[in-house]
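Worksheet for the structure shown next.
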There are 4 protein chains.
Amino acid sequence: MAPSALQSLIAANTGFARAYGSDETSARAADLIRQTLDADAEVRFLFSGTAANAIGLSMLARPYEAVLAHHAAHICTDETGAPGFFGQGVGLIGLPGYSGKVDVAALHAALEEPVVGHRQPAAALSLTQATEYGAVYSEEELRHLIEPAKGAGLGVHMDGARLANAVAAGFDPKNIARLGVDVLSFGGAKAGAHCVEALVIFDKGLTRRIDNRLKQAGQTASKGRLLAAPLLGLLESGDWLSGAAHANLMAQRLADGIEARTSFVLAHPVESNAVFVRMPDEAHQALNAAGWACYQFDDGSVRFVCSWATEEAAVDALIDAVASLN
Amino acid sequence: MAPSALQSLIAANTGFARAYGSDETSARAADLIRQTLDADAEVRFLFSGTAANAIGLSMLARPYEAVLAHHAAHICTDETGAPGFFGQGVGLIGLPGYSGKVDVAALHAALEEPVVGHRQPAAALSLTQATEYGAVYSEEELRHLIEPAKGAGLGVHMDGARLANAVAAGFDPKNIARLGVDVLSFGGAKAGAHCVEALVIFDKGLTRRIDNRLKQAGQTASKGRLLAAPLLGLLESGDWLSGAAHANLMAQRLADGIEARTSFVLAHPVESNAVFVRMPDEAHQALNAAGWACYQFDDGSVRFVCSWATEEAAVDALIDAVASLN
Amino acid sequence: MAPSALQSLIAANTGFARAYGSDETSARAADLIRQTLDADAEVRFLFSGTAANAIGLSMLARPYEAVLAHHAAHICTDETGAPGFFGQGVGLIGLPGYSGKVDVAALHAALEEPVVGHRQPAAALSLTQATEYGAVYSEEELRHLIEPAKGAGLGVHMDGARLANAVAAGFDPKNIARLGVDVLSFGGAKAGAHCVEALVIFDKGLTRRIDNRLKQAGQTASKGRLLAAPLLGLLESGDWLSGAAHANLMAQRLADGIEARTSFVLAHPVESNAVFVRMPDEAHQALNAAGWACYQFDDGSVRFVCSWATEEAAVDALIDAVASLN
Amino acid sequence: MAPSALQSLIAANTGFARAYGSDETSARAADLIRQTLDADAEVRFLFSGTAANAIGLSMLARPYEAVLAHHAAHICTDETGAPGFFGQGVGLIGLPGYSGKVDVAALHAALEEPVVGHRQPAAALSLTQATEYGAVYSEEELRHLIEPAKGAGLGVHMDGARLANAVAAGFDPKNIARLGVDVLSFGGAKAGAHCVEALVIFDKGLTRRIDNRLKQAGQTASKGRLLAAPLLGLLESGDWLSGAAHANLMAQRLADGIEARTSFVLAHPVESNAVFVRMPDEAHQALNAAGWACYQFDDGSVRFVCSWATEEAAVDALIDAVASLN
């Protein structure tokens, strides 16, 4: 947790408050999220991004339907099939695209698939901002994906686990509602909060009995104020955004250093807080052995992620370490 | 329904019998299936292959696990995600291979994937005999797939919707139990019965409360004898096998005619009752327009399926029709 | 199967037809059902009443909601929890009432329950016509249940497994749509067909992707005409109704005989095809031992069910058998 | 959060640690729980008791089976049907008994129910310690419930949301494993932690792929140490137990005051931290209006719950308030 998150949690932990999310702390955090998004949305606080994504998708697609998403999206590759569990078998259809952005032509092709009884037809499009590969969609790019999807009757979900990083990179969060996103996972954990993500529902038609839905899914906090407080602290202090800006800056510093001082090649443009480097297995293993926890991604490149807590000195030391592998 | 199936149904429809599958007709049909397979298996009669496959798989893999199958298998492409519905989100991992047969190297690679918490690890292997592309696994080929799967702790399911065609092509059904298959969908509908598939469970550890499971899943027939009777008729008369042999022969005749008299190329070896032909869209459409219902498959080729009821004259007329497209 | 059902099946089993329900037989059967109900409804043919009920309910209530029904309704006591399986945990709330009819005051009390996050609020009402105890709702009685339910925003499902018996007892099936029922299971199996029930959807808003839903749920017949044909035969011949009238008459004969000639008391008014008799365990066991299959029901009484195939002589012999127990 | 919980959280929030529960904080908390229970169990930290109970039960009963529990148990009345959601329709069978304890004779009757295909047979028994009505099972009482359940092949789950209060009331937690409980929800939130419950699995046969299961269910904390830390603080400091002892003492003080100074009657023996009082609606409403949040329970009595944070002065003020209603 970032300091402002922790302070907010400590402050919320005094006196007594109403339980199950009907407290002042939760209300203020929800207000700040609505303000950030410039939208009159319903907001709930959940424990995990996996649950926020899966429950959000279950509002948009029924078991016999499917969700379109980039094939490297977190919902496709890193959530142990949670959309299918919460959505009772809902399908996932992976689409291609550079750096985790859904390819427009591929989306159109998917939307034009005829509906046949023996397949799960698409009912929703899920987009990740910033993407798994650290790319940031522009407003224009999102419009070219969301408009045809909505035109074809699909709902639109946005996985905003790294939304703060996208905003710090210049994306205006007010676009989300304007462009017609129906459900958003508004990231808290990666931004420096405790384990919390906000589920933001723009389409009020989807909110019917939302509290029963969340309770049944094990995503209701009896001590609601403790769940919301760290995210409130980040938003009130501005650290939600400034921490992400710092993370992005550190990623840029890392990328610059690798390009300047090593022979390794970047696998993706660095637009937010992650750097992907093409390197041989031995180099990757040597880094791990030296204590640099880094992870080989689906495309074979090695991922380095920066956060609000990443220090310049650590970045420079990592650059040295990578350079020594040349 | 084939004549022997219908006769058996008419015969079963006299007098009174015990309901819910505890009747004589069901018992005799189950006995004949056990005899065909030379195995002491539990046998139940279900209404659809989709349900038989999905329920069989739900015995082998839990929601947070996955099933390995050829990417063109019926469970992957033609059952509207039924395994995920009955299996509460169980995953499907598609493997490559020629003509619908799972590639051995691809299977080994899948079995060697490390188990990580954020993915659905494989818990079952599903094989289709004959395959979606009409290929027939040899005993040897099955052994090279089943042995490593069982060795890695996976259960093995066989989709035998076209098992009769595979047996007519020379596959010995006694291999199924011997090789270690745990659950088999024993095809009835395609062999000439009413809508019925037998779920055959070799691993008795999986049969606990099987009748409750089927009843809950809407797959219990109150009039059990009427469900089992057509399949019993096919098995008693030998038509289950001879009808499939006829279908295979017709497919061979069709393939020979196409090769001899047209410029079109077969997309897959013809080993059972289906013929896949590479042809341009216009040719495909012209055939459909001429009243020949045929279907473009996942690999782009056009599929022609023969059954126990396909007549030589119809095959010859189809060859003429295809030849006229040259 | 009744003779007209079997004849229709035999007739449908000639030549070739389109698969998966888009055939002429299915279309005609659906038309006759719409005509019987005097309503422009969507009709599909399913294999079992369990599935028809559970899938129908899954259209009306989400997993975090509940269905109100008589506590002795088939969906509550005899379907192994199928509504919860197909409905991913949807709740069932049992209501009291005489002879299987939901008590109006109990319904009002249930509708007035405040919605709280930690319970499953009611989203649907399920009514059975005729009831599990053989009672037949009048139009007026249904109106007093359906109106407040609809007024409170609930959907209404009707389990019509024994609808033919209710109609034979004087209930006008045109009331079903008029009164606002959203989904009906139109019984076929008990009326003399093979294993088939029609799912009738009056609210067109619920039919979106119904064919995908049914396919995923294992309730799509490849040989659709064979599924629909027996029910078509019953409807075309008039046997659907006349068979039920005969069954009701036989039940009345049995009830009269028991009242006139034995000391046993009827547990419920005899309004359709079932007779419930209060008798000591020894008497029940003696009947079973003498070959009269009868079943002790939830209320402790012993149930005798008549069908289109029940013969007068058998009824009289049963009366003799019961009388001999005095 | 209690002070020791908060301090532990603050301490855990320094430096870097491994994610997803493989950190030192989680390991130490798990060790202390094993030590408390004197058992070599698998321990995981989840966000909510609802999820811990539902996931625990899904390990013991399949969708076509049922769980026996007191009809007033939290899983039956307060979790929005979560067991059915996580368990894909698993059934709940409510049993009677005084003060939330399952009646032994009722359990035996349930265990003797014959298994029939159209019902969900019992596969697990769930017991709550302390119960919803504040009663505490003795070791002897538990033995008389657990032994026949295990003898009949059922698994046993214990909801220990208020286990600390039961232990403070004299129950030895080492009995839990000894008596054969298979899965325990070890309460943290009510004991003064953040939103966290430990899922304790004694039967190692149930732990296969537990991390995949939890991840898919949205119950895996990326920041695992932050989830476990507050509970670790409570256990290390002894506050887990002393806080519960204080809560029990306050409840006893409240009960004594009500008995001594008011005309209201206690509805249940006061054995842990809750007091149930029979009072007319007007009295209940007057208390609520005066700012005393209290809740009418299923049996009609009004519940007052004390916690580690309840102060003597507040109890005395409440006694005064109740006394003034006489």
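Say we look at the stretch A:136-170 and pick out the residues that are open to solvent by 40 Å² or more (accessible area, probe 1.4 Å) and out of contact with any helix residue (DSSP H, G or I) (no Cβ under 7 Å at 6 or more places or on another chain); which of these is farthest from residue A:270 (Cα to Cα)?
Across the stretch A:136-170, the extreme among qualifying residues is A:153.
A quick yes/no check of all residues on (1) more than 30 Å from residue C:89 (Cβ to Cβ); (2) part of a loop (DSSP other than H, G, I, E, B); (3) modelled with pLDDT of 95 or more:
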| position | (1), (2), (3) |
| --- | --- |
| B:253 | yes, no, yes |
| B:263 | yes, yes, no |
| B:268 | yes, yes, yes |
| B:275 | yes, no, yes |
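Please enumerate the residues belonging to the stretch C:26-50 that are among the charged types (D, E, K, R) and surrounded by fewer than 22 Cβ atoms within 10 Å (Cβ to Cβ).
Selection gives C:28, C:31, C:34, C:38, C:40, C:42.
Could you check the stretch B:82-93 and list, in sequence order, the residues that are in contact with a Pro (Cβ under 7 Å, 6 or more places away or on another chain) and open to solvent by less than 20 Å² (accessible area, probe 1.4 Å)?
Those that are in contact with a Pro (Cβ under 7 Å, 6 or more places away or on another chain) and open to solvent by less than 20 Å² (accessible area, probe 1.4 Å): B:85, B:87, B:88, B:89, B:90.
Hey, among D:274, D:283, D:313, D:293, which residue is surrounded by 15 or more Cβ atoms within 10 Å (Cβ to Cβ) and within 30 Å of residue D:235 (Cβ to Cβ)?
Going through D:274, D:283, D:313, D:293 in turn, the sole match is D:274.
Which residue is farthest from residue B:270 (Cα to Cα), if the candidates are limited to the stretch B:78-95 and must be more than 7 Å from chain A (Cβ to nearest Cβ) and β-branched (Val, Ile, Thr)?
B:90
Evaluate the stretch A:96-109: report whether one residue or more is within 18 Å of the chain's Cα centre (by Cα), under 23 Å from residue C:216 (Cβ atoms), more than 8 Å from chain B (Cβ to nearest Cβ) and hydrophobic (A, V, I, L, M, F, W, C).
Scanning the stretch A:96-109 turns up no residue that is within 18 Å of the chain's Cα centre (by Cα), under 23 Å from residue C:216 (Cβ atoms), more than 8 Å from chain B (Cβ to nearest Cβ) and hydrophobic (A, V, I, L, M, F, W, C).
Run down B:54, B:82, B:69 and say which single residue is in contact with a Cys (Cβ under 6 Å, 6 or more places away or on another chain) and under 30 Å from residue D:219 (Cβ atoms).
Every option except B:69 fails the conditions.
Going by the structure shown, is residue B:40 within 14 Å of chain C (Cβ to nearest Cβ), over 16 Å from residue B:149 (Cα atoms) and among the charged types (D, E, K, R)?
The answer is no for residue B:40.
Please work out which residue is farthest from the other protein chains (Cβ to nearest Cβ), limiting yourself to the stretch A:206-226 and to residues that are part of a helix (DSSP H, G or I) and modelled with pLDDT under 95.
Residue satisfying both the conditions and the ranking: A:225.
Please tell me if residue A:126 is polar (S, T, N, Q), under 30 Å from residue A:296 (Cα atoms) and surrounded by fewer than 19 Cβ atoms within 10 Å (Cβ to Cβ).
Spelling it out, it is not the case that residue A:126 is polar (S, T, N, Q), under 30 Å from residue A:296 (Cα atoms) and surrounded by fewer than 19 Cβ atoms within 10 Å (Cβ to Cβ).
Within the stretch B:117-137, which residues are within 14 Å of chain D (Cβ to nearest Cβ) and among the hydrophobic types (A, V, I, L, M, F, W, C)?
Once the filter is applied, which keeps residues that are within 14 Å of chain D (Cβ to nearest Cβ) and among the hydrophobic types (A, V, I, L, M, F, W, C), the stretch B:117-137 yields B:122, B:123, B:124.
Which condition does residue A:117 not pass, out of (1) free of Cβ contacts under 8 Å to residues at least 12 places away in the same chain; (2) in a loop (DSSP other than H, G, I, E, B); (3) within 23 Å of residue A:231 (Cβ to Cβ), if it passes all the others?
Tallying (1) free of Cβ contacts under 8 Å to residues at least 12 places away in the same chain; (2) in a loop (DSSP other than H, G, I, E, B); (3) within 23 Å of residue A:231 (Cβ to Cβ), residue A:117 fails exactly one: (3).
Based on what the data block shows, is residue C:105 aliphatic (A, V, I, L, M), closer than 21 Å to residue C:240 by Cα and open to solvent by 10 Å² or more (accessible area, probe 1.4 Å)?
no
Quick check on my filter: what residues within the stretch D:317-326 are touching a residue at least 60 places away in the same chain (Cβ under 8 Å) and either closer than 28 Å to residue D:239 by Cβ or basic (Lys, Arg) (or both)?
D:318, D:319
Sort out which residues of the stretch B:228-248 are over 18 Å from the mean Cα position of the chain (by Cα), in contact (Cβ under 8 Å) with a residue 24 or more places away in the chain and open to solvent by 10 Å² or more (accessible area, probe 1.4 Å), and write them in order of number.
B:236, B:237, listed by residue number.
With the condition kept exactly as written, say whether any residue in the stretch A:190-202 is in contact with a helix residue (DSSP H, G or I) (Cβ under 8 Å, 6 or more places away or on another chain) and within 30 Å of residue A:281 (Cα to Cα).
yes
Looking at A:185, A:99, A:138, which is the one that is touching a Phe, Trp or Tyr at 6+ places or on another chain (Cβ under 9 Å) and more than 26 Å from residue B:93 (Cα to Cα)?
The conditions single out A:138.
Need the failing condition index for residue C:1 against (1) open to solvent by less than 50 Å² (accessible area, probe 1.4 Å); (2) modelled with pLDDT of 95 or more, just the number.
It is condition (2) that residue C:1 fails.
Specify which of the listed residues (D:114, D:96) is open to solvent by 50 Å² or more (accessible area, probe 1.4 Å), in contact with a His (Cβ under 7 Å, 6 or more places away or on another chain) and assigned by TED's automatic domain parsing to the domain that holds residue D:223.
So the residue among D:114, D:96 that is open to solvent by 50 Å² or more (accessible area, probe 1.4 Å), in contact with a His (Cβ under 7 Å, 6 or more places away or on another chain) and assigned by TED's automatic domain parsing to the domain that holds residue D:223 is D:96.
A quick yes/no check of all residues on (1) closer than 29 Å to residue D:19 by Cα; (2) open to solvent by 40 Å² or more (accessible area, probe 1.4 Å):
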| position | (1), (2) |
| --- | --- |
| A:5 | yes, no |
| A:24 | no, yes |
| A:52 | yes, no |
| A:71 | yes, yes |
| A:74 | yes, yes |
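The values are calculated or read from the model by the stated rules, or taken from the named source; none is laboratory data. Bear in mind the structure is a predicted one, so any value in this text is a computation, not a measurement. Neighbour counts are summed over all protein chains in view; Cβ atoms, including those assigned to glycine, are modelled from backbone coordinates with ideal geometry. Accessible surface is based on the protein model in full, side chains and every heavy atom, while ligands, DNA and RNA are left aside. Shrake-Rupley method; radii C 1.70, N 1.55, O 1.52, S 1.80 Å.
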